[in-house]
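Here is the structure we will look at, set down as structure tokens.
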Amino acid sequence: MKLKPIEDHVVVKLSSEAEEKKIGGIIIPDTAKEKPQMAKVIAVGTDEDLKKIVKVGDKVLFGKYAGTEIELDGDKYLILAKSDILAIVE
């Protein structure tokens, strides 16, 4: 399945998380883990201003609780609005 964002949205792929850490025998649940704040852009919406700023392959920083997280074919993606993107990592 392929995601195609519309308007001023981008789809980013979240990095695969490292092995689950066990501290003193305690397993940290997914809900308590910090969400990654940097991801790779895999699709850009149709907004012309957005296309001038962000392109496929860029790494972007975004707010901690920004976007909508989805899972497709075992991979985790995030759909972000243009205003959720804080910076491009070069």
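If you go through region 79-90 and keep only what is loosely packed, with under 11 Cβ neighbours inside 10 Å and outside any helix (DSSP H, G or I), you end up with Ala87, Val89, Glu90.
Within region 42-60, being out of contact with any helix residue (DSSP H, G or I) (no Cβ under 8 Å at 6 or more places or on another chain), farther than 13 Å from Ser15 by Cβ and part of a strand (DSSP E or B) holds for one residue alone: Ala43.
Criterion applied to Glu71, Glu19 was being assigned to a strand (DSSP E or B), at pLDDT below 95 and more than 9 Å from the chain's Cα centre (by Cα), and the one residue passing it is Glu71. Residues that are at pLDDT 70 or above and either in a helix (DSSP H, G or I) or surrounded by fewer than 10 Cβ atoms within 10 Å (Cβ to Cβ) (or both) within region 3-16 comprise just one, Ile6.
A count restricted to region 30-41 and to residues that are modelled with pLDDT of 95 or more and part of a helix (DSSP H, G or I) stands at 0. The single condition from (1) of a type outside the set (Gly, Ala, Ser); (2) crowded, with 16+ Cβ neighbours inside 10 Å; (3) modelled with pLDDT of 95 or more that Lys76 fails is (3).
The values are calculated or read from the model by the stated rules, or taken from the named source; none is laboratory data. Note that the structure is a prediction, hence the values are computed from the model and not measured. Here Cβ is always computed from backbone atoms with ideal geometry, including for glycine, and neighbour counts include all displayed protein chains.
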